[in-house]
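Some notes on the structure that comes next.
The values are calculated or read from the model by the stated rules, or taken from the named source; none is laboratory data. From a predicted model like this one, the values you see are computed outputs, not experimental measurements. Virtual Cβ from ideal backbone geometry, glycine too; neighbours counted across all protein chains shown. Keep in mind that these areas ignore ligands, DNA and RNA; they rest on the heavy atoms of the full protein, side chains included. Shrake-Rupley method; radii C 1.70, N 1.55, O 1.52, S 1.80 Å.
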Amino acid sequence: MYVDVHAHLTHERFLSDVDEVIKRAEAAGVTAIVENGLEPQSNRRALALAARHAIVKPALGIYPTDGLNEHLPLDFPHKVAHFKVDDELAFIREQALAHTIVAVGEIGLDGYWHGPETFALQEKLFVALLSIAKEAELPVIVHCRKCEARTLEILADFGATKVILHCFGGRVALAKKAAEAHGWRFSIPANARVNPGFAHLLAELPPECLLTETDSPYLGPVRGERNEPANVVGTIAFLAELRGWSVERAQEVVWQNYLSACRPS
Ligand SMILES: [Zn+2]
């Protein structure tokens with residue numbers, strides 16, 4: 001039983017072969033893939049993909065950049081969907097309360113692509129999404145690039161309990177403190193063998209706070225190659241090596257963490 005708690009299989013790079021990618025994951029022993037939406041289109045595609053494949057569990061969210069779509073400068077270097085954030089919040093809330101989804105995500109804060117002038121807006125949206133998750137008793141899947149300490153502070157002030165921090169790039173000591181104080185979980189991507197920060201998280205976090213993810217199509221174990229959910233198998237093998245565990249034990253620990261994180265309580 002392997003799990004990928006953070007994938008983007010509705011990304012255009014999977015357009016031609018998503019069914020084969022999912023088949024490969026199943027053949028590798030993956031039993032749950034949490035598909036994370038980012039904006040209206042990927043949110044709806046996540047629901048549609050989950051309807052076609054039992055292994056796909058949908059999460060709906062508004063990614064920080066997309067959340068700023070009504071305010072971005074014209075020369076912003078990436079293509080961003082244009083939509084009304086309030087309308088999408090209403091849609092996510094409706095789905096969350098109907099329990100068609102397993103988590104609210106991908107949500108969070110980004111200080112890499114966006115400057116401090118956007119932080120108030122980003123934080124307002126983040127808290128609105130945290131509130132939806134709380135109301136529906138769902139976990140949140142959180143992005144926090146170059147805003148790690150502030151993100152953890154907001155989560156603590158909010159009193160969030162069901163938290164999955166995805167690809168946490170902040171200091172390991174900060175992650176450990178958050179895991180120990182709040183029981184928040186950290187999902188480690190498939191490139192952990194080549195990323196010392198992620199390797200440290202795998203080795204040092206409390207075992208009950210560990211999850212695996214891919215962020216497919218990004219962050220593959222081989223730089224530049226498209227990533228896919230089957231690659232969580234390599235992260236579990238690495239976790240087992242680092243801890244001196246059997247692969248079965250590493251698998252079981254992470255699977256139980258997934259069940260307690262994403263199963264309705
Ligand atoms: Zn992501």
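What the table shows:
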| read-out | value |
| --- | --- |
| Region 197-220, subset of a type in the set (Asp, Glu) and in contact (Cβ under 8 Å) with a residue 60 or more places away in the chain, residue most open to solvent (accessible area, probe 1.4 Å) | Asp215 |
| Matching residues, region 1-17, being within 16 Å of the ligand (Cβ to nearest atom) and not basic (Lys, Arg) | Val3, Asp4, Val5, His6, Ala7, His8, Leu9, Thr10, His11, Glu12, Phe14 |
| Checking Arg145 against (1) over 22 Å from Ser216 (Cα atoms); (2) under 17 Å from the mean Cα position of the chain (by Cα); (3) among the basic types (Lys, Arg), the condition it does not meet | (1) |
| Restricting region 160-173 to residues that are open to solvent by less than 40 Å² (accessible area, probe 1.4 Å) and more than 15 Å from the ligand (Cβ to nearest atom), the residue that is farthest from Glu88 (Cα to Cα) | Val172 |
| Scan of region 130-148 for residues that are farther than 18 Å from Arg185 by Cβ, open to solvent by 60 Å² or more (accessible area, probe 1.4 Å) and away from the ligand (no atom under 16 Å from the Cβ), ordered by number | Glu135 |
| Set Val127, Val34: member being away from the ligand (no atom under 16 Å from the Cβ) and either on the phi > 0 side of the Ramachandran plot or out of contact with any Asp or Glu (no Cβ under 6 Å at 6 or more places or on another chain) (or both) | Val127 |
